[in-house]
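The values are calculated or read from the model by the stated rules, or taken from the named source; none is laboratory data. Predicted model, so just to flag it, every value in this text is computed and none were measured. For neighbour counting, all protein chains shown are included, and Cβ atoms are generated from backbone atoms with ideal geometry for every residue, glycine included. The accessibility values were calculated without ligands, DNA or RNA, using every heavy atom of the protein model including side chains. Shrake-Rupley method; radii C 1.70, N 1.55, O 1.52, S 1.80 Å.
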Amino acid sequence: MLEHLIHVNTWFSKYEAELAEQTHFKAFSGKPSATTSCVQEVKQEKVEPVKQQEQASLSEQIRDVRKLINKADSTSKMSTEMDTTTEQRLLNVEETHKNILQMLDDLRRRVGQLEISKQTISPKSAEPKPAAAPAADDDDIDLFGSDDEEQSEETKQRLAAYAAKKSNKVQIIAKSTIVLDVKPWDDETDLAALENAVRSIAADGLVWGQSKLMPVAFGVKKLQIGCVVEDDKIGTDFLEEKICEFEDFVQSVDIVAFNKI
């Protein structure tokens, strides 16, 4: 009889299975028993919480509906307020547009008045002025020639006076003092002949001064000689080149001091 239940994979709770079994036997036996009363009590217990749940769900649904109604009212109020604000803005825009149109009309009128005034003024200004009468004997009247001649004579006199002052003024010649170190090849070099060779260099703006022998090392001495030169005529490069031409005596030339007078 229960062979067809072998392949069923559904599982029920033990309580429900026993309850179903009791109701099955009671239906076949036809005798009321304590089990039926128990079943009825269980059914009543199950039905009452279901009814309570339904009532709670209904109350919650009513609350939700009320909330939706309140939201709808608030949105309708907001929409009405927005409509009023948009209407006010449109009215303001229309008023400003009207004002702008009035201003444009005023400007056009003013421009037309200005054009009319220009047209009335232009023919008066376009009338030719009477030409000035030619002056009689223009060749005889010299308005600017005498002034130019006087100015030219004055400038010539001033230039001549300036040139005379410049010629009489003593020109200051820029001079400098230079101290040179002339080093020989070795201690056997004739320093007297070296000094005579250096002093033999003559040029315009060059004056030789005092000289002395200074020890270098290992008995070697160098010639230290001074001179006064005019800056515009003599330079240090000229002196170095001329002194180094005496290759038999001179090894090198150094500038020790250079001072403006």
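A few comments on the model shown:
- Applying the set (1) touching a Gly at 6+ places or on another chain (Cβ under 7 Å); (2) surrounded by 11 or more Cβ atoms within 10 Å (Cβ to Cβ); (3) at pLDDT 90 or above to A197 leaves exactly one unmet item: (1).
- Single residue of region 208-261 satisfying the filter (more than 22 Å from N196 (Cβ to Cβ) and assigned to a strand (DSSP E or B)) that is most open to solvent (accessible area, probe 1.4 Å): K260
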